[in-house]
Amino acid sequence: MPTRRCVRALVSEKKLKLNLALSRGQQTKKNKKKNQAKKQEMPSVRETGTKQKNSSSKEKTKRSGRSGYNNYMRSECEVVKANNFGMTAKEVKTECRVRWGSLSQEEKDRWA
């Protein structure tokens with residue numbers, strides 16, 4: 001039966017071989033199977049005449065930036081801090097949240 005040192009040496013040797021193979025651009029068995037399956041699923045450009053997007057890729061969505069709530073909190077917290085010098089950060093945020101909740105939907109939309 002091999003000793004612990006021997007087993008550790010064998011494991012580290014296998015890891016080194018795998019890392020070396022990956023650094024050379026060689027693929028592991030799992031990756032080879034995945035790539036072959038993808039090639040079989042996707043028709044070539046010559047067959048279709050156009051490039052097709054990979055169905056598994058997610059569509060990029062455009063982000064609109066900060067929300068109205070975030071814009072409101074950024075500006076209103078500064079006002080609350082200036083007017084109430086002794087308040088802690090938690091109290092300032094709580095006060096701003098209460099003020100945001102009391103706004104009508106039209107006023108909230110203005111901050112968006």
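Laboratory data are not the source of any read-out in this text; all were calculated from the coordinates shown. Everything numeric here is computed off the predicted structure, so don't read it as measured data. We place every Cβ from the backbone using ideal geometry, glycine too, and count neighbours over all the protein chains shown.
If only the Cβ of Lys and Arg carry +1 and only the Cβ of Asp and Glu carry -1, the dipole of segment 68-111 around its Cα centre is close to 160 debye. Each label point was placed 7 Å from the Cα along the Cα-to-Cβ direction; for Ala37 and Ala9 their separation is 3.9 nm. Each residue of segment 100-112 is assigned a 3J(HN,Hα), and the resulting list reads 4, x, 7, 6, 6, 5, 5, 5, 5, 5, 5, 7, 6 Hz, derived from the Karplus form 6.51 cos²θ - 1.76 cosθ + 1.60 (θ = phi - 60°), x at Gly and Pro.
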